[in-house]
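What follows is a single structure, written as structure tokens, with notes after it.
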Amino acid sequence: MPSYEAVIGLEVHVQARTESKMFCSCPNKYGAEPNTLVCPVCMGYPGVLPKPNMEAIRKIVTTGLLCNCEIQKKSKFDRKSYFYPDSPKNYQLTQYDMPFCLGGYVHISGKGFSGAELPDMDIHLTRIHMEEDVGKLTHFGTHSGVDYNRAGVPLMEIVSEPDMHTPDEAYAYLTALKQIIQYADISDCDMEKGQMRADVNVSIREKGSTSFGAKVELKNLNSFRAVHRSLAYEIKRQILAVENGEKIEQETRGWNDDLGESYVMRGKENAHDYRYFPEPDMLPVIFTDEDIENFKKGLPELPSAKRERFVRDFNVTEYDAQVLTQEKACADYFEEVTKSCADPKIAANWIIVELPGKLAEAGKDFADCPVKAADLAELVNLIHKGTINGKIAKTVFAEMFESGKTPAKIVEEKGLVQVSDESAILAFVEQAIANNPTQVQQYKEGNPKVLQFLIGQVMKLSKGKANPQSVAKLLAEKLS
């Protein structure tokens, strides 16, 4: 049997976060009553004139620059014939042959969703163009409803080259792309709200071949996990079909995440099916060299650069920096903590290990974290100075999360200051030795592991307040 490889390309749609829609003044807002955010322009009434949203255009150009694209000095909008209930105009305003951004790439590395090591590689882009979103169809038992609030929302389409060969690479590419867009404040990329959607094109070929097989497009993918699962399924399905002598048809398939399988939707459309032609009601968009330079001046720091800076300036590990920069809100929170924190490494540990669990339990994220960055910095400083130990800190942190009180106030109210006076600790040490003669004998007979048990007993007697380093020192002295 020949061995096969997959060839994968992605078309990612991202809603730009703007005050108004792409070609009219209707609010760009999620969650309003159906069909209340519409007007004659976004509904395509006769005689209306669309006007492009320059803030949305700025955001697509910013995305292009961050993805290393070439920004076109002349771009235009086109009409794409689109006969479907979610399109009120029966055409969609998009860009066909003169998009804002051409070429570019997104770098991926590290580990994939499955834990496998990824190659250090660039995923090249074909283009990034701007279009308007369509409405949302909801299917009921005997009928369907359509909400046009989303129709006309500015939507970027980011088209990759078929550079990916595994589900892990596709997952890593989506993750890197999402980080870039969020860090630049282009979009929240909330997939549950439809702000980021991915269509996957996948085919297979024999390893070593440079030709392309019949391309299958996968739709209805509402999470990165669904992208990974659907690709794994579809690659296997196509290989089995070819080995059984079947012909792979170019088609569009849906994804049923509950069943974990794809299904046929329709034959794949080609460009001529859409009958593109230039939008007659809008002039081309022209950029000068000065315009493009001004766009470049406002570019944000990307996650890769932020990771390098965290390692260099805050003495955290590369793994710590990777986790801290997964979400912009988390990275911003960490930087806020470091402004008044004596030990950024301790702060990183709390943000990576302790805080996510509490946030998950409460159904919150870093953007609405109940523990203020300044308060976490104060907690770290109390640990750093030896005022409280790690065990007490966890108790204080839990109270901070629930009540919003400052750590200093909680420590004062509950009398949790760490005991560092060795004369006071010595009494607990002597009591622990007297209470555990068997373990003391084991230690003297050469079993050093027993020391940890005895340290635990001292901490128990002191109600967790004794300084652990002093406890270990005094126990070792007494036992020898």
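What does the highest-first list of 227-234, 296-303 look like by mean Cβ count within 10 Å? Write down the numbers at each step before the final one.
Details: 227-234: 22.1, 296-303: 13.0.
Those peptides, ordered most packed to least, come out 227-234, 296-303.
Given Cβ point charges of +1 (Lys, Arg) and -1 (Asp, Glu) and nothing else, what value in debye, to the nearest 20, does the dipole of segment 303-414 about its Cα centre take?
Details: 16 positive and 19 negative charges, 44 e Å.
Magnitude of the dipole: close to 200 debye.
With θ taken as phi - 60° and the Karplus curve 6.51 cos²θ - 1.76 cosθ + 1.60 applied, the whole-hertz 3J(HN,Hα) list for segment 342-359 is 6, 9, x, 5, 5, 4, 4, 4, 5, 6, 7, 9, 7, 5, x, x, 5, 5 Hz, x standing for glycine and proline. Against the chain, whose longest principal axis comes from its Cα atoms, helix 468-479 is set at around 40 degrees. Counted by Cβ distance under 9 Å from Ala321, the other residues give a net charge of 0, where Lys and Arg count +1 and Asp and Glu count -1. How would segment 303-414 be classified by its alpha-carbon gyration tensor: rounded, prolate or oblate, with rounded meaning a/c under 1.5 and the a/b versus b/c comparison settling the rest? Taking the square roots of the gyration eigenvalues as a ≥ b ≥ c, segment 303-414 is oblate. Along the axis of the charge dipole computed for the chain (Cβ charges of +1 for Lys and Arg, -1 for Asp and Glu, origin at the Cα centre), the listed residues Thr63, Cys369, Tyr91 are led at the positive end by Cys369.
Please work out whether segment 72-119 counts as rounded, prolate or oblate from its C-alpha gyration tensor, where a ≥ b ≥ c are the square roots of the eigenvalues and a/c under 1.5 means rounded, while otherwise a/b larger than b/c means prolate and anything else oblate?
Details: a/c = 6.34, a/b = 1.80, b/c = 3.52.
Oblate is the answer for segment 72-119, as a/c is 1.5 or above yet b/c matches or exceeds a/b.
Give me D for segment 283-346 in µm² s⁻¹, whole number, from Stokes-Einstein with Rh from the Kirkwood sum over alpha-carbon pairs, 4 °C and 1.567 mPa s.
Numbers: Rh = 13.7 Å.
My calculation gives 94 µm²/s for D.
Positive contributions from Lys and Arg (+1) and negative ones from Asp and Glu (-1), summed over other residues with Cβ under 14 Å from the Cβ of Cys67, come out at -1.
Taken about its Cα centre, segment 422-479 carries a charge dipole of roughly 180 debye when the Cβ of each Lys and Arg holds +1 and the Cβ of each Asp and Glu holds -1. I'd like the orientation of helix 422-435 relative to the chain: the angle between its Cα long axis and the longest Cα principal axis, in ° from 0 to 90, rounded to 10. Around 80 degrees separate the two axes. For the chain, the longest principal axis of the C-alpha atoms and the axis of helix 224-243 are separated by about 60°. Normalised by 2.2 N^0.38 Å, where N is the number of residues, the C-alpha radius of gyration of segment 431-480 stands at 1.03. All other residues whose Cβ lies under 12 angstrom from that of Glu243 are scored, Lys and Arg at +1 and Asp and Glu at -1, for a net of 0.
Under a 5 Å amide H cut-off, with hydrogens placed 1.01 Å from N, Tyr82 pairs with Tyr91, Gln92 among residues at least 5 apart or on other chains. Considering only Leu359, Ala398, Ser114, and ranking their Cα positions along the charge dipole of the chain that arises from unit charges at the beta-carbon of Lys, Arg, Asp and Glu, the one farthest toward the positive end is Ala398. For the chain, how big is the tail of P(r) above 32 Å, as a whole percent of Cα pairs? Across the chain, Cα pairs with separations above 32 Å total 55 percent.
In this label model, Glu161 and Leu302 are separated by 1.6 nm, measuring between points 7 Å along each Cα→Cβ vector.
No lab work stands behind these numbers, since they all come straight from the coordinates. Computed from a prediction, not measured in an experiment: that's the story for all the values here. Counting neighbours? That spans all protein chains shown, and the Cβs are built from the backbone with ideal geometry, glycine included.
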